[in-house]
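Chemist: Let me begin by handing over the structure; questions about it come next.
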């Protein structure tokens, strides 16, 4: 229950007049506060209570958070209670609640301490625990509990091997035998409970679930041993005792035990009242709600003793009247009164002094607590807790986020269609290897979906649909599922059958029965331009789709099988996504496909991609990707180890050169003397060269020249070795960059992840370099798939997190403005300047934006060139805009063939009739 000024907030009871009106006038209108269930007779009382609840003066009783309104504090308590109940071991709840029922203890802390001491070494069936085996911890589940002989069977030891072997044949199963029953009685002292029911003598049969991650680093040569140990113990059963068992501190500790007990029990305000489990919780866990007679008498005796103790203390303080005092004279009574007044004055002054000292102490404690709270924040921290200060503002930090473009998305502001578009393009590019598709840019994919000239078939559309149809032949399907689904929806009691584009269900089903019946065997050869893929597409939809799995099934099939009767009713181009008129005559899917709007084409591809995920070819490719990722991880470790060794060797060579240079400098004076001697010898006459001193000097000079040559050769050799190692390090760094690119490609096939999230949980996506696509072409040329940065709005869970913060809504309005995205909304940054501004807006003091900024830094050498290259390609393709706009007509076919999306070829195509 939330507190206000350290007191619990009690709900308002209905007034006596309302209770009376319930009997006399049940239909009387009242004011009802739905959040608390309170009822008020007047609006003034209702508004006053609501205003009281809205004050920021309440405190969450569980977490201690203050400065909340009543509803925020109540929600905080409920959230913490749910978290606590999920964490606390379920098998332990009943035993703990039975132990605390009817206990008389003044402080909750004392009760928690007593319960913790009883149950810290006692475990129950189905508990999740950790066991220690040879210094390693393993996660396990308790299957059975075997009590010691003293608490179970006096004639057989439960912890003996014979008893364990015969436990299954015992007439009383292990689950039926009482375990830890003495621990539930807190009146028994701890030592007596241990002597009567020793927890260290219990045996537990446990099943190991998984090995816990070790906190210490495992050395390389020990890894195989660790993996072998894990394989040895994983899933095995064993009998253990509490000495090697432990619980997770997040599930059982004094703090969480205190929160659990406080949430489940209550106590009256009367003196010496017992702690009682709440009735609903007691009923759920089988706790007795009727106080036994012996406990009731004990509680009454405790209450009586407390009352007598307080009464005696009060009488001792006041002092009872005596016969001698009754017989006092008037003068004596006056003297006693004066003395009593003086004593009372001294007592009052002492009390005021004590109160003053207490207030000073509390004020000092409050100031110390505030000072402690004002400790400098350690960054990075939660992004929404970061506030831009004046220093950052003066440094030029962006205060407002540059808005991403919603209209710049491939399909405009239709968020559902854009999400399906992005999913389909990613699927086709990422799984290009098993689908036998060469990569194509997102711009080419968008233009292909807008292609509307049947006389000039688009190869991208033909190859995409053909490879998906081949894959869906290996996926189980139900014959005529679309027909059955359409007929079932037609028979539902929803009134008359409404036609779609003027075509009734019966006519659509009749036309559909004649199309695509041989789609799973029809050859779609690459050399023939995949001729007939449109009819196979209709057959594929007819056998795979239903109105539930493909909501737009009826509209799509109607457009594919019927055409308008006259030219005046001809639909406009799909680029404008119109609402078509009446369709009346049957037509071929090969001609009608190009009249579909892009949204319907994307819906078809999205449906087919979702089905193709379960094909055998994609499953095999995913397994191959996992193997390659494991190999890359191992190679990266080896490359880093070799690079580290080379760097250490280079540092060693650099240190040796410095040491030699130091020695040479120290011996500089000697070298100068030698050179002086050498110059002096040049002046000696030729007749003195045969003297012993001259020969000695000549021998010394020869030795010095030899040492100088050796030193020079050693320095050259060290320099050459240093250069060689430097080249090796450069090669290793280039290999590490290649490993990172390969890792991104393979990981994108297994699990695609965003670059990161900003402070408002918007997800930032960069789709280039995934799957079959590559960031670098032959000769190091730049390649791109999207050449853009996409932004996705926060998820529903993230929105809930934002709503819990009072300032989040205001900050989003101020900092995001028109760029604020809702759940499921997409937007895009097309220009490099916009992305630079967005990166400048990110604050690295927040954990999410620091990670996002680091991701941008890591991949910026590929992101920026890709965006520039896309901008250059768009500028080159934008020449002759009038001619290109007219290229949508039949007469401009020569120009449209020069469009990039029409010049794409599939170099990975397999010219087979059936793929498996």
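Chemist: Do you know which residues across the range 2-24 are outside any helix (DSSP H, G or I) and either exposed (fewer than 10 other Cβ atoms within 10 Å of the Cβ) or at positive phi (or both)?
Modeler: Here is the first cut: in the range 2-24, the residues outside any helix (DSSP H, G or I) are 2-15.
Across the range 2-24, the qualifying residues are 5, 6, 7, 8, 10.
Chemist: For residue 214, all conditions in the list (1) surrounded by fewer than 14 Cβ atoms within 10 Å (Cβ to Cβ); (2) modelled with pLDDT of 50 or more; (3) within 45 Å of the chain's Cα centre (by Cα) hold save one; what is the number of the exception?
Modeler: (2)
Chemist: Could you list, in sequence order, the residues of the range 408-430 that are surrounded by fewer than 23 Cβ atoms within 10 Å (Cβ to Cβ), within 11 Å of residue 598 (Cβ to Cβ) and in contact with a strand residue (DSSP E or B) (Cβ under 9 Å, 6 or more places away or on another chain)?
Modeler: none
Chemist: Could you go through the range 401-415 and let me know if any residue there is assigned to a helix (DSSP H, G or I) and in contact (Cβ under 8 Å) with a residue 60 or more places away in the chain.
Modeler: Within the range 401-415, the subset assigned to a helix (DSSP H, G or I) is 415.
The next check asks that each one be in contact (Cβ under 8 Å) with a residue 60 or more places away in the chain; those that pass are 415.
Looking for residues that are assigned to a helix (DSSP H, G or I) and in contact (Cβ under 8 Å) with a residue 60 or more places away in the chain, one finds at least one in the range 401-415, hence yes.
Chemist: So which residues in the range 863-878 are surrounded by fewer than 20 Cβ atoms within 10 Å (Cβ to Cβ) and part of a helix (DSSP H, G or I), if there are any at all? Steps first, please.
Modeler: Applying the first criterion (surrounded by fewer than 20 Cβ atoms within 10 Å (Cβ to Cβ)) to the range 863-878 yields 864-865, 868-869, 871-878.
Scanning the range 863-878 gives 864, 865, 868, 869, 871, 872, 873, 874, 875, 876, 877.
Chemist: When you go through (1) under 29 Å from residue 866 (Cβ atoms); (2) in a helix (DSSP H, G or I) one by one for residue 440, which number turns out not to apply?
Modeler: Here residue 440 clears every test but (2).
Chemist: A follow-up question, please. Whether any residue in the range 55-71 is farther than 30 Å from residue 288 by Cβ, in a helix (DSSP H, G or I) and touching a residue at least 60 places away in the same chain (Cβ under 8 Å) is what I want to check.
Modeler: As a first pass, look at the range 55-71 and keep what is farther than 30 Å from residue 288 by Cβ: 55-60, 63-71.
Cutting the leftovers down to in a helix (DSSP H, G or I) gives us 70-71.
The next check asks that each one be touching a residue at least 60 places away in the same chain (Cβ under 8 Å); those that pass are 70.
Within the range 55-71, one or more residues are farther than 30 Å from residue 288 by Cβ, in a helix (DSSP H, G or I) and touching a residue at least 60 places away in the same chain (Cβ under 8 Å).
Chemist: In the range 61-81, which residues are in contact with a helix residue (DSSP H, G or I) (Cβ under 6 Å, 6 or more places away or on another chain) and within 27 Å of residue 31 (Cα to Cα)?
Modeler: Residues satisfying the conditions are 69, 70.
Chemist: Now for a different question. Looking only at the range 760-778, filter to residues that are part of a strand (DSSP E or B) and surrounded by fewer than 21 Cβ atoms within 10 Å (Cβ to Cβ); which one of those is modelled with the lowest pLDDT? Reasoning before the result, please.
Modeler: Taking the range 760-778 and keeping what is part of a strand (DSSP E or B), we get 763-765, 776.
Now restrict to residues that are surrounded by fewer than 21 Cβ atoms within 10 Å (Cβ to Cβ): 763, 765, 776.
Details: 763: 95, 765: 96, 776: 89.
Only one residue tops the list, namely 776.
Chemist: What number of residues in the range 431-485 are closer than 30 Å to residue 895 by Cβ and either without any contact (Cβ under 8 Å) to a residue 12 or more places away in the chain or in contact with a strand residue (DSSP E or B) (Cβ under 9 Å, 6 or more places away or on another chain) (or both)?
Modeler: Residues meeting the conditions: 0.
Chemist: Give the range 537-561 a look and list any residue that's within 42 Å of the chain's Cα centre (by Cα) and closer than 17 Å to residue 587 by Cβ, or say none. Can you show your working first?
Modeler: Going residue by residue through the range 537-561, those that are within 42 Å of the chain's Cα centre (by Cα) are 537-557.
Correct list: 537, 538, 539, 541, 542, 554, 555, 556, 557.
Chemist: Could you say whether any residue in the range 37-48 is closer than 20 Å to residue 5 by Cβ, modelled with pLDDT of 85 or more and in a helix (DSSP H, G or I)?
Modeler: Within the range 37-48, one or more residues are closer than 20 Å to residue 5 by Cβ, modelled with pLDDT of 85 or more and in a helix (DSSP H, G or I).
Chemist: Search the range 76-106 for residues being within 27 Å of the chain's Cα centre (by Cα) and in contact (Cβ under 8 Å) with a residue 40 or more places away in the chain, and hand back the single one that is surrounded by the most Cβ atoms within 10 Å (Cβ to Cβ). Give the steps one after another, and end with the answer.
Modeler: Residues of the range 76-106 that are within 27 Å of the chain's Cα centre (by Cα), as a first pass: 76-90.
This time we only want the ones that are in contact (Cβ under 8 Å) with a residue 40 or more places away in the chain, so: 77, 80-81, 84-85, 87-89.
Numbers: 77: 19, 80: 17, 81: 16, 84: 18, 85: 14, 87: 15, 88: 19, 89: 21.
Out of the qualifying residues, it is 89.
Chemist: Looking at the range 179-204, which of the residues that are in contact with a helix residue (DSSP H, G or I) (Cβ under 8 Å, 6 or more places away or on another chain) and closer than 30 Å to residue 235 by Cβ is surrounded by the fewest Cβ atoms within 10 Å (Cβ to Cβ)? Before the answer, list the steps.
Modeler: Residues of the range 179-204 that are in contact with a helix residue (DSSP H, G or I) (Cβ under 8 Å, 6 or more places away or on another chain), as a first pass: 180, 182-186, 188, 190, 193, 196-197, 199-200, 202-204.
Narrowing the set further to residues that are closer than 30 Å to residue 235 by Cβ leaves 180, 199-200, 202-204.
Numbers: 180: 22, 199: 19, 200: 10, 202: 24, 203: 20, 204: 23.
So, considering only residues that are in contact with a helix residue (DSSP H, G or I) (Cβ under 8 Å, 6 or more places away or on another chain) and closer than 30 Å to residue 235 by Cβ, the one surrounded by the fewest Cβ atoms within 10 Å (Cβ to Cβ) is 200.
Chemist: Checking residue 393 against (1) assigned to a helix (DSSP H, G or I); (2) closer than 30 Å to residue 748 by Cβ: exactly one of these is not met. Which one?
Modeler: Here residue 393 meets the rest and fails (2).
The values are calculated or read from the model by the stated rules, or taken from the named source; none is laboratory data. Only a predicted model underlies this, so the values are computations on that prediction, with no experimental measurement involved. For neighbour counting, all protein chains shown are included, and Cβ atoms are generated from backbone atoms with ideal geometry for every residue, glycine included.
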